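The values are calculated or read from the model by the stated rules, or taken from the named source; none is laboratory data. Only a predicted model underlies this, so the values are computations on that prediction, with no experimental measurement involved. Counting neighbours? That spans all protein chains shown, and the Cβs are built from the backbone with ideal geometry, glycine included. These area figures cover heavy atoms from the full protein model, side chains too; ligands, DNA and RNA do not enter into them. Shrake-Rupley method; radii C 1.70, N 1.55, O 1.52, S 1.80 Å.
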Amino acid sequence: EMWLSAYGSAAGNIALHELCHAGLWIGGGTASKHLEGLRSEKFLKALKNKGRFTQYLESIPIMALIDSDVGLYGAACKAHLIAESNVKLM
């Protein structure tokens with residue numbers, strides 16, 4: 001429960017820092033392994049407990065990406081963008 005509270009608090013900080021009004025996506029192994037914990041009151045309360053910003057955090061959707069390969073897709077997309085931006089000399 002301590003981990004869920006700390007993770008929720010950190011997720012709330014990131015949501016505020018990035019102004020995630022369209023939603024906060026939690027991915028990777030953490031999301032798939034701890035799906036029930038991410039739905040728990042302990043996690044959600046810690047995420048939203050930000051004083052005057054609580055109402056803002058309550059309005060944003062929170063989603064979990066449970067595909068274990070999601071990091072690979074992001075890396076492949078970035079590699080493709082880098083490859084396209086390079087200039088071929090020959």
Worksheet entry | Selection count where residues are open to solvent by 80 Å² or more (accessible area, probe 1.4 Å) and not aliphatic (A, V, I, L, M), scope the stretch 1-12 | 2
Discussion item. Return the residues of the stretch 30-58 that are within 15 Å of Met2 (Cβ to Cβ) and of a type in the set (Lys, Arg); say none if nothing qualifies.
Written reply: Lys42, Lys45
Item to complete: Determine whether the stretch 5-26 contains at least one residue that is more than 20 Å from Gln55 (Cα to Cα), of a type outside the set (A, V, I, L, M) and at pLDDT below 95.
Response: no
Worksheet item: Out of all the residues in the stretch 41-64, which are surrounded by 15 or more Cβ atoms within 10 Å (Cβ to Cβ) and either closer than 14 Å to His21 by Cβ or modelled with pLDDT under 95 (or both)?
Response: Tyr56, Leu57, Ile60, Ile62, Ala64
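Condition test on Lys78, is it farther than 21 Å from Ala22 by Cα, surrounded by fewer than 11 Cβ atoms within 10 Å (Cβ to Cβ) and either modelled with pLDDT of 90 or more or of a type in the set (Lys, Arg) (or both)?
On the way: farther than 21 Å from Ala22 by Cα: yes; surrounded by fewer than 11 Cβ atoms within 10 Å (Cβ to Cβ): yes; either modelled with pLDDT of 90 or more or of a type in the set (Lys, Arg) (or both): yes.
Answer is yes for this residue.
Looking only at residues that are farther than 13 Å from Pro61 by Cα and in contact with a helix residue (DSSP H, G or I) (Cβ under 9 Å, 6 or more places away or on another chain) in the stretch 17-28, which one is surrounded by the fewest Cβ atoms within 10 Å (Cβ to Cβ)? Explain how you work it out, then say what you get.
Keep residues of the stretch 17-28 that are farther than 13 Å from Pro61 by Cα, which gives 17-18, 27-28.
Those still in the list that are in contact with a helix residue (DSSP H, G or I) (Cβ under 9 Å, 6 or more places away or on another chain) too: 27-28.
Numbers: Gly27: 16, Gly28: 14.
Among them, the one singled out is Gly28.
Would a scan of the stretch 82-90 turn up a residue that is open to solvent by less than 60 Å² (accessible area, probe 1.4 Å) and either of a type in the set (Ser, Thr, Tyr) or within 20 Å of Glu1 (Cβ to Cβ) (or both)? Reasoning before the result, please.
Keep residues of the stretch 82-90 that are open to solvent by less than 60 Å² (accessible area, probe 1.4 Å), which gives none.
No, the conditions are met nowhere in the stretch 82-90.
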